[in-house]
1. Please go through the stretch 156-180 and pick out each residue that is touching a Gly at 6+ places or on another chain (Cβ under 7 Å) and more than 22 Å from E75 (Cβ to Cβ).
2. Consider the stretch 11-27. How many of its residues are of a type in the set (S, T, Y) and either at positive phi or crowded, with 22+ Cβ neighbours inside 10 Å (or both)?
3. Can you find a residue that is within 16 Å of I115 (Cβ to Cβ) and surrounded by 14 or more Cβ atoms within 10 Å (Cβ to Cβ) anywhere in the stretch 199-214?
4. Scan the stretch 241-257 for residues that are closer than 26 Å to A67 by Cβ and part of a helix (DSSP H, G or I) and report the count.
5. Residues being closer than 27 Å to D178 by Cα, crowded, with 16+ Cβ neighbours inside 10 Å and either among the aliphatic types (A, V, I, L, M) or over 14 Å from the mean Cα position of the chain (by Cα) (or both): count how many of those fall in the stretch 117-139.
6. Out of everything in the stretch 28-52 that is in contact with a helix residue (DSSP H, G or I) (Cβ under 7 Å, 6 or more places away or on another chain) and within 21 Å of R136 (Cβ to Cβ), what residue ends up being surrounded by the fewest Cβ atoms within 10 Å (Cβ to Cβ)?
7. Taking A173 and the conditions (1) buried (at least 16 other Cβ atoms within 10 Å of the Cβ); (2) assigned to a loop (DSSP other than H, G, I, E, B); (3) touching a residue at least 60 places away in the same chain (Cβ under 8 Å), which numbered condition does it fall short on, given that it satisfies the others?
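The values are calculated or read from the model by the stated rules, or taken from the named source; none is laboratory data. Worth saying up front: this structure is predicted, and the values here are computed from it rather than measured. Neighbour counts are summed over all protein chains in view; Cβ atoms, including those assigned to glycine, are modelled from backbone coordinates with ideal geometry.
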Amino acid sequence: MTLAALTMVYNEAEFLPVWLRHYTARLGAAACHVIDHGSDDGSVAAALTAFPGIGVVRLPRTPHDDARRAALVSEFAASLLRYYDAVLYTDVDELVVPAGTGGFADLDFAALPEIAYAVGLNLLQVAEDMTLDPTRPVGVQRRFGWFASALCKPVLARRAPAWAPGFHSADAAPVFGDFFLLHLRYADREIACRRLARTREMAWAAQPGGAHQRMTEADFLAMFARLQAMDRIEPAIFSPDAPPLADWIDRVMAATRGRSAEVYRFPLDIENYQLWALPERLLRALA
């Protein structure tokens with residue numbers, strides 16, 4: 001089975017190398033595709049030098065429009081599926097890893113649903129963590145995370161997908177694949193502030209949504225402090241098939257009832273607000 005990885009970026013000097021290191025190591029450079037929405041900070045040029053063989057499609061810079069972006073990525077993924085058996089799309093600050101001990105090569109893609117959802121976790125820089133070094137594996141620098149339904153995204157497509165704005169849903173009932181999505185937005189406070197300043201200042205199309213990407217730095221830092229103050233626990237078993245994680249997945253699935261006609265198949269605010277110590281086997285699988 002052949003798998004392509006796809007992302008879309010604008011001036012992502014911090015996380016584009018992390019994304020590429022993660023996916024090129026697992027899929028090969030030729031299977032990794034970057035849609036560049038008008039980057040002008042040199043990050044894409046640097047990525048082409050550091051990761052020769054990756055695919056880059058350049059677009060002119062236009063105001064950020066989540067609906068337009070989701071439509072473009074859906075169409076691009078459909079084109080890739082003429083040559084690949086499956087396409088994995090994530091934002092550049094999202095790393096997908098199989099839940100088991102094997103890698104992508106060990107997944108039985110034919111057994112997966114046509115559109116497969118990941119189990120979503122936020123990684124957090126806790127108070128004692130040093131500043132994240134993007135040149136080193138994330139999994140040796142961060143340990144704690146929490147469950148978030150907004151990150152339980154339909155990341156893998158075996159047929160032409162129609163992703164909703166924000167990529168939180170697609171034209172398929174939620175069915176979880178055997179993998180995790182780890183979100184790096186909160187993995188480093190300083191990187192998060194720099195990225196937030198960029199998204200606050202860039203032009204946005206006239207549409208709702210995206211407020212979390214335009215919040216003030218003061219509001220973000222206050223929220224970050226609240227996240228760091230969450231209780232910490234170390235689950236005896238960390239698996240989508242066992243508590244406590246299975247309980248939260250069940251909550252998400254229960255919340256899908258009666259929402260088949262809605263854009264988002266489940267609420268995006270189901271979170272455990274408790275820091276879990278993630279297992280070494282999962283952390284070692286990160287870039």
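1. The answer is D178, and nothing else.
2. Residues meeting the conditions: 1.
3. Scanning the stretch 199-214 turns up no residue that is within 16 Å of I115 (Cβ to Cβ) and surrounded by 14 or more Cβ atoms within 10 Å (Cβ to Cβ).
4. Of the residues in that region, 1 qualify.
5. Total meeting the criteria: 10.
6. Only one residue tops the list, namely A50.
7. Going through the list (1) buried (at least 16 other Cβ atoms within 10 Å of the Cβ); (2) assigned to a loop (DSSP other than H, G, I, E, B); (3) touching a residue at least 60 places away in the same chain (Cβ under 8 Å), A173 breaks only (1).
Residue by residue, here is whether (1) modelled with pLDDT of 95 or more; (2) over 26 Å from L283 (Cα atoms); (3) touching a Lys or Arg at 6+ places or on another chain (Cβ under 6 Å); (4) assigned to a helix (DSSP H, G or I) holds:
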residue	(1), (2), (3), (4)
L196	yes, no, no, yes
P208	no, yes, no, no
H212	no, yes, no, yes
D219	yes, yes, no, yes
A222	yes, yes, no, yes
A225	yes, no, no, yes
M230	yes, no, no, no
A236	no, no, no, no
S239	no, no, no, no
